[in-house]
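The values are calculated or read from the model by the stated rules, or taken from the named source; none is laboratory data. Remember, it's a predicted structure, so these values are computed and weren't measured experimentally. Cβ placement follows ideal geometry from the backbone for every residue including glycine, while neighbour counts extend to all protein chains displayed.
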Amino acid sequence: MNIFLKSTLILSPIFSFGQVSTIEKEVTKNACECVNKINENELMSRKHFYVEINKCIDEQVLIFQLSDKLGSGKIAEKKSNKEDTVNIKIDTNKNSADYLNYYRTIEDNLLEECKDFKNRIAASEIGMENEIPSKNEKALDFYNKGNNEVRNNNWEKAAEYYKKATNEDPDFTFAWDNLGVNMRRLNRYEDAIAAYEKSLSIDPYGKMPLQNIAVVYIYSGEYEKAKESYEKFAKVYPDYVEPIYGLANLYIAHLKDYEKGLDYACKAFISYIESNSPYRSDAEQLIKIAYQELKKQGKEHRFDEILKENNINNQ
């Protein structure tokens, strides 16, 4: 629904023109304080926790919209009278591009600036492996049958069972995630993306769909969406190396931006070294590819500079 607000330009300081950045900081601060007040002692499911986070952000979206549209010239109509008046279109449809733009801006700022927000998300991941994925017995039965088919490499049959599980329990994120995996294995990329997007609509910070939807976007050639997915993954889980390696591979293998790719590859390489992971060889291979390409471009000096910036000795 759209709200048309007709208002005189007699505004409080918070709505002053030219103060969009101030408003953005204010709504982010308010949303962060709201997240901080979510009762940590209350036993709530991961889903319930994200419903509460959603409320905290939603409370600030309309304020942000109004302030931004006043302050940045996005005004539908302006008349010159004794009192200047404006007609401002405020979008309350939570699925609209306009609303989501403001929502995601606040969410991104929370990931950057609100420590408690990231800490609470990370804490909610703990113990997920041991939780019952669904309370619906029929859904669980179909889910387990799907897992059995996966063990036998029967991707088509597995996908059928996971789909049946989601029909029984539409909020069954584990089933949506596994459905996405098997749709990718069947090269049905649109269906895989739809499954992951459904999972993320239920749990916006699930590690598995955040990582795998980026992979599917690469397979389908949607590199910008893959980049956005990896970047969000890295923001939500800054200590997790997979989105960093994913960005390195994306920039080097697909976007051909070897300087950015090299920087990410160096960061992934260091992380793999510190954790004694065998995947360090994969990161090292990307570094070698970046070197060869930068050498062709006569930019060997940039290769040395980027390694130095990441405290890697190129000797």
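The condition of being surrounded by fewer than 15 Cβ atoms within 10 Å (Cβ to Cβ), modelled with pLDDT of 70 or more, polar (S, T, N, Q) and farther than 27 Å from Pro238 by Cα holds for Asn148. Only residues that are over 28 Å from the mean Cα position of the chain (by Cα) and either at pLDDT 95 or above or within 23 Å of Tyr189 (Cβ to Cβ) (or both): list them for segment 151-177, please. Once the filter is applied, which keeps residues that are over 28 Å from the mean Cα position of the chain (by Cα) and either at pLDDT 95 or above or within 23 Å of Tyr189 (Cβ to Cβ) (or both), segment 151-177 yields Asn153, Asn154, Glu156, Lys157.
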